[in-house]
1. For region 71-135, what percent of Cα pairs sit more than 15 Å apart?
2. Restricting to region 162-284, what percent of DSSP beta bridges are antiparallel, rounded to 5?
3. Short version: ³J(HN,Hα) in whole Hz for each residue of region 167-174, in order, from phi by Karplus 6.51 cos²θ - 1.76 cosθ + 1.60 (θ = phi - 60°), x for Gly and Pro, what are they?
4. With charges set only on the Cβ (+1 for Lys and Arg, -1 for Asp and Glu), what does the dipole of region 162-284 come to about its Cα centre, in debye to the nearest 20?
5. How many percent of DSSP beta bridges within the chain run antiparallel, rounded to 5?
6. Could you give the distance between the Cα centres of region 123-156 and region 161-200, to the whole Å?
7. Which of A14, A186, A244 ends up with the largest GNM mean-square fluctuation for the chain, with Cα atoms connected below 10 Å?
8. So if R0 is 35 Å, what FRET efficiency would T219 and R160 give, r being the distance between their Cβ atoms, rounded to the nearest 0.05?
Amino acid sequence: MSKMRCVQVGKPGAPFELVERDLPRPKAGEVRIKVQACGVCHSDSIAKMGLFPGIAYPVVPGHEVAGIVDEVGPDVIGWPVGTRVGVGWFGGHCGRCEPCRRGDLVDCRNLRIPGLTYDGGYADAMIAPADALALIPDDLTPAEAAPLLCAGVTTFNALRESGARPGDLVAILGIGGLGHLGVQYAVKMGFRTVAIARGAEKEPLAHKLGAHIYLDSQTQDVAAELTKLGGAKTILATVTSGKAMSTVIPGLAVRGKLVVVGVGMDPIEVSALDLLGGSRSIVGHASGASIDSQDTLAFSALTGVRPTIETVPLEQAPEAYEKMMRNEARFRMVLTTGL
Ligand SMILES: [Zn+2]
Ligand SMILES: [Zn+2]
């Protein structure tokens, strides 16, 4: 194979186009990945619409990539041809900036992101720096692994670093692309897990995912219900509404944390008294570095956590993207190359 297909965006707001390109070759420190599956994420709209400075158009979106190393550049150790690997939002760090020097790789000031700062996984192949790679366990198919490299690591890492301990009350706000994984991880980590969503019709799904308790935010006062249960040590906010996040804050336990991983355009509003009384906090959590993705994949393989996916062939990327943007995907769209 000397050519590959890829789905690119020519300029901000332009339609996706399926094009053929020469197969790229890895340089020092890089590998080429034969892409088997790539998840379609809401953050792909950043590349599609040009919401980020410094995107080099035309760009191939996609930062939930699962495949196989098929060529290794010079100076790469430990990632031989044939290794099953994934790449997520974390697409490489500089190693020189202050956060990197402190070991905080995901907050690198020069963070590289596949599908934005270099071509991503809406393609038959892509080039990635070796430090962005995560091993995929045998038990996960490429299509299952792909969404775990973004939605999975985001929720898994936020929960395991939240400070909640086994048996603690943990609530997941929202049961969508992020939340349906968050609920499963919370249960498997041993938390007393509350799923919060809008409408009674989500209750069977919440229990199917393993939630012990379901709260319907349309008919119940969620903060009051959480308080009755003793208060939540962690509320993982996966929704895209600042208002919805604001209303649950009084349901936090003493020293409870609202951990924000969903992106809303409206602000989160909080009364100072709700923070002071009980020493509560609101924190943001970035997804994680490649080793966190690898941990996420290993934990998922071990415990049976799986994303709910709908797979379509690579050439249907435009339709998959539109379906995801209309919030009609249940829950993650995944492109497959057939390789
Ligand atoms: Zn993503
Ligand atoms: Zn850095």
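1. 54
2. Taking every DSSP beta bridge with both residues in region 162-284, the antiparallel ones total about 0 percent.
3. x, 5, 7, 10, 10, 10, 8, x
4. Rounded to the nearest 20 debye, it is 420 debye.
5. Numbers: 31 of 59 bridges.
Taking every DSSP beta bridge within the chain, about 55 percent pair in antiparallel fashion.
6. The two parts, judged by their Cα centres, are 22 Å apart.
7. A14
8. Working from the Cβ atoms, E equals 0.65.
Values quoted throughout were computed directly from the atomic coordinates according to the rules given, and no laboratory measurement underlies them. In this text, all values refer to a predicted model and were calculated from it rather than measured experimentally. Note: ideal-geometry Cβ built from the backbone for every residue, glycine included; neighbour counts use all protein chains shown.
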